[in-house]
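Quick notes on the structure that follows.
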Amino acid sequence: MLDRIAGFFRLIGQTIGRWARLFSAWAFWPFLAAHGWYQRRSWMIRLPIIAFVALFVVLYGYFFWQTQVWSNFNTAFVDQYRLSERKVPAGQELPVTEGASAGTAKTCQRSAIVDVAADLTDFNVDQNAWISSMLLYKMGFFGIDWDHTPFLDNKASFQRGINQAVRRTSAELVDTLGRVRGTSGINNDLQSARGNLQFDEYSWYFGLDPFGLKTPTPSFYRTAIRDLRKFNTDLAACNAIFDGRADNLMQFIDRIANDLGSTSDMLAERSEHHNRGWFDTRADDRFWFAYGQLYAYYAILTAAQTDFSQVVRERNLGAIWGGTTRQFQAALRIQPAIISNGREDGWIMPSHLATMGFYILRVRSNLVEIRSVLDR
């Protein structure tokens, strides 16, 4: 009896080994054939091939490094601004320091929202490489879009999530926060920043549609950084406007809540209809896009609490806002090494998308509550 069982397992092992050898022969045959062809060529042909292979290895090594190393990633980076020390809302004149001369020029409070938006974009394109417009990312994995693979796309999705939040913020800065509605024109620096941040996320130095040379995406985003910082410099010199009214804050919160609601729907759709556990190759980019949004909105809303400190104090929003901050922090603590999109009632593969969607809904619920208080 034991001999028959042992024979059965030997047969399985032999079958697996035979198929493994066949697969290895199929996989390595092109390389063996190329090696034979290469050996018969002269050095006039070999040298360009060696140079091409070396360039290929260097480019992919750089690409792999950039996708795996997240420079200056810090979920608590907003602490570096020491926002609790700012006692004056954005755009309002700062008190004259003791001992200042009578002719000292007046100064106004900078906008923490604008500082954070500029620094988030700087994090995306200067402290890190912008992955989505890199040549090898655009080429894909043997023609397959990297977003459809389970690897090397997490950082790109995370960056696009951040950019989505900064884009929304720049639009609100132009339309409401950076002007007195109905009585002042649009700020040119904010308008320029919004236009540059809306630029295509995938542009490289050359493209096919339209055909020809292009300005790459990071160049537009770096221009947006300069525009945002110029606005804040003018604001600090009291030469620009930050309209910190309650209705503007209400609209800003409403736009962010809607943005997060769309992301929640995206996660729910993927979780409900494609729950293949660790074998869902799109789960990771959905997860890290949502994570990037939360990473950015956590900092932006923390800055908004400072910029609108007078409104927050007058409407007694401190407790609700603190609860929202804690929800953001709880969501940002979820950093799984491998993203799984399992069934919500499954017992083997976790459901990271459902978990992230749950936290987004909790954050959104708090934002809706803040909006309702502002609307009273």
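Residues are listed down the side, and each one gets a yes or a no for (1) of a type in the set (A, V, I, L, M, F, W, C); (2) more than 30 Å from PHE158 (Cα to Cα); (3) modelled with pLDDT of 80 or more; (4) exposed (fewer than 11 other Cβ atoms within 10 Å of the Cβ):
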| site | (1), (2), (3), (4) |
| --- | --- |
| PHE23 | yes, yes, no, yes |
| SER71 | no, no, yes, yes |
| ALA112 | yes, no, yes, no |
| VAL116 | yes, no, yes, no |
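Pairing each residue of the range 266-281 that is more than 23 Å from PHE141 (Cα to Cα) with any residue that is assigned to a loop (DSSP other than H, G, I, E, B), provided the two are 6+ apart or on different chains, yields C-beta distances under 7 Å for ASN275/GLY342; ASN275/ARG343. The numbered conditions (1) open to solvent by 20 Å² or more (accessible area, probe 1.4 Å); (2) in contact (Cβ under 8 Å) with a residue 40 or more places away in the chain; (3) out of contact with any Leu (no Cβ under 6 Å at 6 or more places or on another chain); (4) not in a loop (DSSP other than H, G, I, E, B) are all true for MET250 except (3). The residues of the range 339-376 that are more than 26 Å from SER84 (Cβ to Cβ), over 18 Å from the mean Cα position of the chain (by Cα) and of a type in the set (A, V, I, L, M, F, W, C), listed by number, are TRP347, ILE348, MET349, ALA354, PHE358, LEU361. Among the residues of the range 208-222, at least one is within 20 Å of the chain's Cα centre (by Cα) and free of Cβ contacts under 8 Å to residues at least 60 places away in the same chain. For the range 176-211, the set of residues classified as touching a helix residue (DSSP H, G or I) at 6+ places or on another chain (Cβ under 8 Å) and β-branched (Val, Ile, Thr) consists of THR176, ILE186, listed by residue number. Selection of the range 300-314 for residues being of a type outside the set (Val, Ile, Thr) and either touching a Pro at 6+ places or on another chain (Cβ under 7 Å) or within 14 Å of PHE252 (Cβ to Cβ) (or both) yields LEU301, ALA303, ALA304, GLN305, ASP307, PHE308, SER309, GLN310.
The values are calculated or read from the model by the stated rules, or taken from the named source; none is laboratory data. All values derive from a computational prediction rather than experimental measurement. Cβ atoms come from the backbone with ideal geometry, glycine included; neighbour counts cover every protein chain shown. Surface accessibility is based on the protein's heavy atoms, side chains included, excluding ligands, DNA and RNA. Shrake-Rupley method; radii C 1.70, N 1.55, O 1.52, S 1.80 Å.
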